[in-house]
1. Residue check, GLU93 against (1) modelled with pLDDT under 80; (2) assigned to a helix (DSSP H, G or I); (3) of a type in the set (Asp, Glu), all met but one. Which one?
2. Can you name the residue in segment 1-52 that is hydroxyl-bearing (Ser, Thr, Tyr) and surrounded by 10 or more Cβ atoms within 10 Å (Cβ to Cβ) and is also modelled with the highest pLDDT among such residues?
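The values are calculated or read from the model by the stated rules, or taken from the named source; none is laboratory data. The shown structure was predicted, so the numbers you read here are calculated from the model rather than taken from an experiment. Positions of Cβ are backbone-derived with ideal geometry, glycine not excepted, and every protein chain shown enters the neighbour counts.
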Amino acid sequence: MPEIKVLQCLALGQPYIDSAWVGGGAKKKAERKKAEQEEPKKGRRKSDNATKAEELLKRDLMSVAEIADETGLSENRVHEIKRELKEKGELHE
C-alpha cells in the first residue's frame, strides 16, 4: 500500500510544507531510467549561444568566464555544457 510523507513545521505556523510518495521509489526510478534509455528526452532546442559555447569549449582556447562573456551565457551554464560534452565523450581534459 503506498504511503505519503508530509512535511510540516508547526513552530513556524506551517501545517503543510511539502508531500511526497514513500516507498517503491527504487522501482519507479529504475522504470524511468529504462524508459529514458529507450526513448531519450527530446528537451528543448539548443540556443545559438549554447552551440557557440560548445564550439569554444572544444577549441579549448578560452576560459569559462571568457566564453560566458562572449556568448552571453552564465558561467554556470557554460560549466553545465562542458560537463555534458565530457559525458558524451566530445571533450577531454
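1. Tallying (1) modelled with pLDDT under 80; (2) assigned to a helix (DSSP H, G or I); (3) of a type in the set (Asp, Glu), GLU93 fails exactly one: (2).
2. Ranking the candidates gives THR51 first.
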